[in-house]
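Derivation of every value follows stated rules applied to the coordinates shown; laboratory data play no part. Just so we're clear, the structure is a prediction, and the values are computed from it rather than from any experiment. All Cβ positions, even for glycine, are placed from backbone atoms using ideal geometry, and neighbour counts span all protein chains on display.
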Amino acid sequence: CIYMIIQWIGGSGFKLQIDKTIVVIDPYGEDVGLRQNTLKADIVLSSGFGSIDTARVKPAEEKVVLIDSPGEYESHGIFVYGVDGKAGNLFVVNAEGVTIGHCAGISGGLTNYQLEYIEGVDVLLLPVGAHDVLDAKKAPDVISQIEPRIVIPMDYAIKGYKPKRDEVDGFFKAVGAKDLVAEEKLRITHKDLPAEETVYYKLLP
C-alpha cells in the first residue's frame, strides 16, 4: 500500500511524495520572507499566484516536469488537471486513488466550471488568510461547495511570511475544528480517508 505524504512549505507551497515521485506546488520566491530550503522534485505545479520561483527546484532524477497552465497532464503515473482560477491556476492531483485539490488565489466561491474538476476531491488545500485570498468567513461556504474529506488550510500568517494575511485561528473557529495539534506531515492512503465528516489538519511549515 503506497502512502501519499503531504507537507506544507509555507504560503501556498506544498510538497507531495507519492512512492518515489515528488511533486512540489508553488515553491515561493525569496521576497516572501520565509527560509529557503533546497527542493528536489520530479513535477512542479505553478499556480502563477503570488511570488513563485520554480527555478529553485532541482531535479530529483533526470529533469523537472513543469506544469503552469490549464489542461490535462500525466507524468510518473500521476494525473494533473490544471483549471483556470482567474487569479491563478487551480490544480487537481490524482495519484494512488487519492485526489488533492489546490486552490491558490481564490477569494470566493468557485464557478460551476471549476467545480466540475474540484468538487468531491479527497484533500482540499485552501487559502484562508484573507486580504488577497479567501477569508475565514467565506471559507466554510467554499468547503460546502466542494465537500472534501480532508481540509488543510494554507496561505495564512506565519512568522516571517511577508504578504499581509490573517492568523489561521479564525478559520478553525469558523469551521468548528478544536484542539488541533500541528503536525509536520500528513500520511494517507485511500483507505485512510474519513468516510463521514470533513476532517481538518494543521500542518507546520
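Here is how the numbers come out for the structure above:
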{"item": "Local electrostatic count at E96 - Lys and Arg +1, Asp and Glu -1, tallied over other residues with Cβ under 13 Å", "result": "0"}
{"item": "Fraction of beta bridges assigned by DSSP in the chain that are antiparallel (%, nearest 5)", "result": "60 percent"}
{"item": "Whole-number percent relative contact order across the chain, with pairs defined as alpha carbons under 8 Å at least 6 apart", "result": "19 percent"}
{"item": "Low-density loop cleavage sites - GluC sites (Glu not before Pro) in region 105-205, where at most 10 other Cβ are within 10 Å (DSSP)", "result": "E184, E196, E197"}
{"item": "Relative contact order (%) - criterion: Cα under 8 Å, at least six apart; region: region 118-205", "result": "32 percent"}
{"item": "Overall form of the chain per C-alpha gyration tensor (a/c, 1.5; a/b vs b/c)", "result": "rounded"}
{"item": "Global geometry of region 29-87, whether rounded, prolate or oblate, following the gyration tensor of its Cα atoms and the 1.5 cut on a/c", "result": "oblate"}
{"item": "In region 1-128, lysine pairs closer than 28 Å at Cα, eight or more apart or cross-chain", "result": "9"}
{"item": "Net charge of Cβ neighbours under 12 Å - reference Q114; Lys, Arg +1; Asp, Glu -1", "result": "-2"}
{"item": "Cα gyration tensor category, rounded, prolate or oblate, for region 117-179 with a/c compared to 1.5", "result": "prolate"}
{"item": "Spatially proximal aspartates and glutamates relative to K162 (Cα-Cα < 19 Å; intrachain offsets below 8 disregarded)", "result": "D26, E30, D31, D53, D132, D135"}
{"item": "Alpha-carbon centroid distance for the pair region 1-31 / region 91-133, whole angstrom", "result": "15 Å"}
{"item": "Set of lysines with alpha-carbon distance to K173 below 17 Å, sequence-local pairs under 8 removed", "result": "K137, K138, K202"}
{"item": "Cα-only radius of gyration and Dmax that characterise region 85-196, units Å", "result": "13.8, 38"}
